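The block underneath contains the structure these notes are about, expressed in structure tokens.
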Amino acid sequence: MGPIFMALLLLAGWGAFAYSASRRWKLLRVGTADNRFDQPGRRIRETFRYGIAQLRMRRYPLAGAAHMVIFLGFGVLLLRSLILWGRGFDESFSFWLFAPEQFLGKAYSFLKDLFAILVIFGALVFVYFRVVRRLGRLTLNAEGLIILGIILAMMVADILYDAATIARASSGPGFILYEPAGSIAAVPLGLLSDATLVFLRHLGFWTHSALVLIFLNLLPYSKHFHIITGVPNVYFQSLQPPGRLPPIEDIEGKLEREETLGIRRIDQFSWKAILDFYTCTECGRCSDHCPATKTGKKLSPKHFTLDLRDFLYRNADALTAGDGNGSVAGGADGREHHKDLVDGVIDPEVLWACTTCRACEEECPVFISYVDKIVDMRRYLVQERSEFPPQLQSAFRGMESNANPWSFSPADRANWADGMGIRTIAENPDAPVLFWVGCMPSFDERAKKITQATARLMQQAGVDFAILGTDEQCTGDPARRAGNEFLYQMFAKANVEVLNGVGADKKTIVTSCPHCFNTLLNEYGDFGGHYRVVHHSTFLSQLIADGKLRPTNPLSKKVVFHDSCYLGRYNDVYDAPRETLAGIPGLTVLEPRQTRDRGMCCGAGGAQMFKEEEPGTQRVNIERTQQLLETNPEVVASACPFCMRMLTDGLAAKGREDIPQLDIAEVLLEAVQVPQSHAGA
Ligand code: SF4
Ligand code: SF4
């Protein structure tokens, strides 16, 4: 079938692809180092689950099924393309065991026909989503439609080649069991002349052979690059707990050497971040679930990724030219590819709108991360340019001077415990349980009730626990999520010293604040603090399971539960708060439509609690409250003091102060008989 033409086609197609791929490879190497080569066994398992079996795609069932058949179809049809390229040199070419007369050859032909049809179905589903349904999460552009057109044309051309071959057979266009698609298409072709059939056979053959190469060459320049980079991106995903932000190492040394703290320039992102940019499929699942996007903020995680990717591509030549690859030297030098990303690439408002809720990361089918990138860029803004929303200033100042973001007097930290008979760790050094209270539950009048309820329940269950009292300080979480890594590290080091000093590494730390829980559990390890930390929901549900707490007072209430992001998506604690509530006789737990790993953020995380939401946008807490109200609850329950504040405000804004907003500990306390000795405490 034209060996010279086929040789030229293959040479040109693969040569051009090798050139493009080498450019992308060079650009990837511009990124800074990041060790993603550990734990190969776990990485392979994750790759099978999410890269090959595409488990996350199930979250969008029809799109997931369509994507799956296209993905598998490409795998199956790869062999077919190789065979057709071979037939360009020898018309009877086949791989030995896959020769048409062999059993494997027939089985493969059947499978290939089946997948050609399924791929056509899959591609048509995506055309439907784009052109008919015009889904807002998808980008409607010519590129996507051209690629879908090429996929459809490749499949049709392949069937045409088979159909014309069958129709020309001396025995006529009979039905060949192992070539069903070709056989059916051959029926109408049987009416055509032999010369026409020869033409159609050539047309199908060359169209398929050439389109595969054209498709291959479009990949590095389109969102369909994920066909090549998707599986590696899943393999190289972070295996760290999602709640651990990578620390800025050697922060003081960096300051002395005038190196950039945080990310200012595109080449300060790691190679893995660049692989993320290559891999974005533009599916929009991230933005579909982002509370900031939902409430009209400038932040859309999809566009955050795409804006960085487009800037990277626009400056690829300069970045790979070798003038500063991987360098972190500061100072604007006027060159486009060295410019500050927040000057013209990413609007600071985009960065400050993120609640760090991880809804985007939970959805992304190819495991692209956002929170680390956003916080890294905040770090640069805060620590290098001292630019941040003005309200954060008072939180930073409060932490610096009073060890809590609200500037309450540190001497009042343990006032909530007055008269409750609770001992400090200095008074009860052997207590096996350390109750880490947290700033808001220590000082805020409403949140103190959560703290007191938790403490009463522990007393009721006979738990021997102690508190740090005035030795406790802010964990530093709000500072860290707001980009003030320096301040965070100050608290991390000080708290680890205190905790290790009281032997907390040999105790169980219980806390009612998911932000403290996450920081103590996942982040203090980097500073020498390795602790067994339990959220109060888990601790209380265990006390019920052990029979140490008996919720015997019936509460005939319908209670809707709101998941905290730092408990659920960050630390996979979904069941414990529900089990705590479900243990109460008569109580019905309601679930909002957006629940568990798809639960919407309350709007407080990522230091949002300490700043105003972006002007002219809806409030995240009101949107979330509305979702909860749709279940017609009699009580709104939560397991986080931050969520409590946001939802209480949300209920007030909705004019529904008649619905109580309670922590699970408060609900449980109502159901547990409290002995008189504690009841009046
Ligand atoms: S972490 Fe939450 S708020 Fe931030 S981009 Fe992702 S979904 Fe949006
Ligand atoms: S970042 Fe992930 S979820 Fe968002 S558009 Fe890209 S591939 Fe889709």
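Computed from the coordinates by the stated procedures, all read-outs in this text should not be read as laboratory data. Fair warning: this is a prediction, and the values are worked out from it, not measured in the lab. All Cβ positions, even for glycine, are placed from backbone atoms using ideal geometry, and neighbour counts span all protein chains on display.
Loop only by DSSP, 16 or fewer other Cβ within 10 Å of the Cβ. Give me the trypsin sites (Lys or Arg not before Pro) in the range 634-676 that pass, ordered by residue number.
Details: sites: ARG645, LYS654, ARG656; in loops: LYS654, ARG656.
Hits after loop and neighbour filter: LYS654, ARG656.
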* Asked: What do the square roots of 5 times the Cα gyration tensor eigenvalues come to for the chain, in whole Å, largest first, as semi-axes of the equivalent ellipsoid?
  -> 56, 30, 21
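For the range 35-235, what value does the Rg/Rh ratio take when both radii are computed over Cα atoms and Rh is the Kirkwood radius, given to two decimals?
On the way: Rg = 18.8 Å, Rh = 18.5 Å.
Rg/Rh for the range 35-235 comes to 1.01.
With only Lys, Arg, Asp and Glu charged, each at its Cβ (+1 for the first two, -1 for the last two), find how big the charge dipole of the range 497-630 is about the Cα centre; round to the nearest 20 debye. Show your work: numbers first, answer last.
Working: 15 positive and 16 negative charges, 110 e Å.
Around 520 debye, computed over the range 497-630.
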* Asked: Counting other Cβ atoms within 10 Å of each Cβ, which trypsin sites (Lys or Arg not before Pro) in the range 1-40 have at most 14 and sit in a DSSP loop?
  -> ARG29
* Asked: Separation between the ALA16 and LYS506 pseudo-spin-labels, each 7 Å from Cα along Cα→Cβ, expressed in nm?
  -> 7.0
* Asked: So how long is each side of the range 209-251 along the principal axes, counting just the alpha-carbon atoms, biggest first, in Å?
  -> 53, 20, 12
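What is the local net charge at SER183, summed over the other residues whose Cβ is closer than 11 Å to its Cβ (Lys, Arg +1; Asp, Glu -1)? Please report the intermediate quantities before stating the final value.
Values: positive: none; negative: ASP113, ASP162, GLU179.
Cβ neighbours under 11 Å give a net charge of -3.
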* **Length gained when the stretch ALA494-GLU336 is fully extended (0.36 nm per residue, less Cα-Cα span)** => 52.7 nm
* Against the longest principal axis of the chain, how steep is helix 226-235, in degrees 0 to 90 to the nearest 10, with axes from Cα atoms? -> 40
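For ARG596 and LEU79, FRET efficiency with R0 = 35 Å and r from the beta-carbon atoms, rounded to 0.05?
Working: r = 41 Å, r/R0 = 1.18.
E between LEU79 and ARG596, to the nearest 0.05, is 0.25.
Could you list TRP436, TRP14, TRP206 so that the one with the fewest beta carbons within 10 Å of its beta carbon is first and the one with the most is last? Mind dumping the intermediate values first?
Numbers: TRP436 23, TRP14 14, TRP206 19.
Least to most surrounded, the residues fall as TRP14, TRP206, TRP436.
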* Taking the chain as the reference, fit the longest principal axis to its C-alpha atoms, fit the long axis of helix 485-501 to the helix C-alpha atoms, and give the angle between the two in degrees, 0 to 90, nearest 10. => 60
* In degrees, nearest ten, helix 371-383 long axis to first principal axis of the chain (Cα) -> 60
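FRET efficiency for ALA426 and ARG59, Cβ-Cβ distance as r, R0 = 51 Å, nearest 0.05? Before the final figure, lay out the partial values.
Working: r = 50 Å, r/R0 = 0.98.
E(calc), rounded to 0.05, equals 0.55.
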* Cys residues of the chain counted as unpaired, since no other Cys beta-carbon is under 4.7 Å -> CYS280, CYS283, CYS290, CYS354, CYS364, CYS439, CYS474
* About its Cα centre, what dipole magnitude does the chain give when the only charges are +1 on Lys and Arg Cβ and -1 on Asp and Glu Cβ, stated in debye to the nearest 20? -> 1500
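Based only on other Cβ atoms within 10 Å, what is the fewest-to-most ordering of LYS611, LYS254?
Working: LYS611 19, LYS254 15.
The order, fewest Cβ neighbours first, is LYS254, LYS611.
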* Structure fact -> Each label sits 7 Å from Cα toward the beta-carbon; between TRP25 and GLU634 the label points are separated, in nm, by 6.7
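May I ask you to sort GLU523, GLU579 by Cβ crowding, counting other Cβ atoms within 10 Å and putting the fewest first? Present the calculation step by step, with values, prior to reporting the outcome.
Details: GLU523 22, GLU579 18.
Least crowded to most crowded, the residues run GLU579, GLU523.
State which entries of LYS448/LYS611; LYS449/LYS558; LYS272/LYS302; LYS339/LYS493 exceed 24 angstrom in Cα-Cα distance in the structure shown.
Values: LYS448/LYS611 22 Å; LYS449/LYS558 21 Å; LYS272/LYS302 17 Å; LYS339/LYS493 34 Å.
In this structure, LYS339/LYS493 exceed 24 Å between Cα atoms.
Can you show me the helix-derived [θ] at 222 nm for the chain, built from DSSP H runs with n ≥ 4 at -39,500 (n - 2.57) apiece and divided by the number of residues, rounded to the nearest 500. Write down the numbers at each step before the final one.
Values: 29 runs with 336 residues, N = 681.
Result for the chain: -15000 deg cm²/dmol, rounded to the nearest 500.
Return the FRET efficiency for the residue pair HIS202, ASN141: r is the Cβ-Cβ distance, R0 is 45 Å, and the value is rounded to the nearest 0.05.
Computed FRET efficiency for HIS202 and ASN141 comes out at 0.85.
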